[in-house]
Every structure is written in structure tokens, then in C-alpha cells.
Amino acid sequence: MRKLVLTLLLMCAAWGASAQRPRTMVEWGVIGGINVPDYTTNMDATDIRNKLGWQAGIVTAVKFGAVAVEPQILYVRQGLRIRPEGAGELNLKSNSIDVPVLASFRLLSPLRVYAGPVFTVMNDCKLKTGGDLLDFGRIRPSLSYTVGAGVVLLRHLLIDVRYNGQFRSKHDVVLPDGRELDKLRTYNVALSVGYIF
């Protein structure tokens with residue numbers, strides 16, 4: 001009789017543990033918003049004015065209980081005006097495709113906290129002169145990072161705030177007129193709204 005009771009207790013405990021095991025869930029959606037870039041250089045005589053940018057893309061997540069892995073694809077558009085010492089102002093536009101691979105922690109139900117690397121797989125910068133755009137190279141790093149937080153309202157509406165930074169300055173930025181920018185750094189804060197399924 002004791003063996004039967006012990007076996008029943010063990011079966012109940014195993015059933016309870018398997019019922020509490022987190023289910024793997026997949027979510028996906030679209031996101032879009034604005035970003036406020038901050039391009040800087042250590043060249044004191046170079047004046048940089050940052051312009052408001054925007055981003056849009058596809059977000060996915062594979063959720064394992066309170067943790068999720070979130071690969072995403074974002075198109076990011078930013079702009080800046082640079083006036084090197086002794087030269088006229090240059091109006092630059094940067095376009096990139098970023099792939100953040102984030103770890104997201106979801107300990108509280110509607111709230112999620114993100115951190116992870118961002119791989120820039122395509123980046124070009126164009127000089128705008130009149131109605132023409134001249135492509136001249138990259139001004140963003142190929143590897144950076146992001147940290148942030150998001151909240152899901154009404155089960156589908158995602159509001160997301162992120163800080164995007166880079167690990168080190170970009171040294172090889174050559175402007176269209178041949179001048180070089182020394183240690184160009186870029187940071188931005190992005191506010192996005194999305195719809196997830």
C-alpha cells in the first residue's frame with residue numbers, strides 16, 4: 001500500500017511540474033517610430049547638427065517563459081548637417097538595415113526589458129545637393145548595441161523605448177569633399193509603436 005501511495009504522489013508531482021513548464025511561444029509584428037540621433041566627433045572646429053530620423057521594421061520573438069530571444073529587421077533613416085572647419089555645410093542622409101538580436105526579460109506580464117547586439121548589414125550615406133543624392137560611404141558602425149524597455153497594452157499594442165550606442169568610434173569616415181572626420185560616434189534614442197500577434 002505504501003508503494004502505491006508513494007507512486008501516486010510521485011506521479012502527481014511529475015504531472016504538476018510538467019503543467020508548470022513554460023510553453024514556447026512565437027510572436028511577430030511590425031514596428032515604426034522616430035529616433036533622435038546624436039552624431040559627435042572629437043574635431044572641435046567641426047559643427048554637427050543632428051536631424052530627427054525614423055525607423056520601421058519587423059519584430060519577432062521566441063518566448064521561453066520569462067525570457068525571449070528577439071531577432072528583428074529594421075530600416076533606419078537618419079540625417080545630419082556637418083560644417084567642417086573652413087568648408088560649407090554638408091547635408092547628409094544615412095540609410096541602414098539593422099538586425100538587432102535581443103534578449104528580452106519579461107518577468108512582469110506587460111513589461112519587457114531588452115539588451116543585445118545590433119548588426120548593421122547594409123549602410124550607405126548620401127550627400128544631398130539640390131535635388132541630387134551622392135552616395136559616398138558608411139558613417140555607421142557594423143556592430144553596435146541596444147538596451148531598452150517596452151510595454152504591451154491591450155494584448156497587441158507595443159510601445160518601445162531604446163538607447164542605441166556603439167562600442168567604439170568609427171575612424172574611417174571620409175566626406176565627399178575628401179576631408180576625414182576623426183572618431184565619429186553615433187548614439188540615438190528611439191521611440192516606436194508596434195502591433196504584435
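Just so you know, the averaged projected area of the alpha carbon convex hull for the chain sits at 14.4 nm².
Legend: ranking of residues L52, L102 from fewest to most surrounding C-beta atoms inside 10 Å; resulting order L52, L102. Among 73-79, 113-119, the peptide with the highest mean count of other Cβ atoms within 10 Å heads the list, and the full ranking is 73-79, 113-119.
Taking Lys and Arg as +1 and Asp and Glu as -1, the other residues whose beta-carbon sits under 13 Å from that of R83 total -2. Here the sum of -39500 (n - 2.57) over DSSP H runs of 4 or more residues, divided by the residues of the chain, equals -3500 deg cm²/dmol at 222 nm, to the nearest 500. How would the stretch 34-138 be classified by its alpha-carbon gyration tensor: rounded, prolate or oblate, with rounded meaning a/c under 1.5 and the a/b versus b/c comparison settling the rest? In terms of gyration-tensor shape, prolate. Net charge in the neighbourhood of D160 (other residues with Cβ under 15 Å of its Cβ; Lys, Arg +1, Asp, Glu -1) is 0.
Give the residue list of GluC sites (Glu not before Pro) in the stretch 25-118 that are DSSP loop and have at most 15 other beta-carbon atoms within 10 angstrom. Answer by residue number: E85, E89. Evaluated over the stretch 23-196, the count of Lys pairs having alpha-carbon atoms less than 21 Å apart is 12 (only pairs 8 or more residues apart or interchain). Residues L107, L158, L92, ranked from the fewest to the most other C-beta atoms within 10 Å, line up as L107, L158, L92. Here's the picture: charge each Lys and Arg Cβ at +1 and each Asp and Glu Cβ at -1 in the chain, and of N50, G65, V152 the one pushed furthest to the positive end of that dipole is G65.
All of the numbers you see were taken from the coordinates with simple rules; none came from a lab. This is a predicted model, so every value here is computed, not measured. For neighbour counting, all protein chains shown are included, and Cβ atoms are generated from backbone atoms with ideal geometry for every residue, glycine included.
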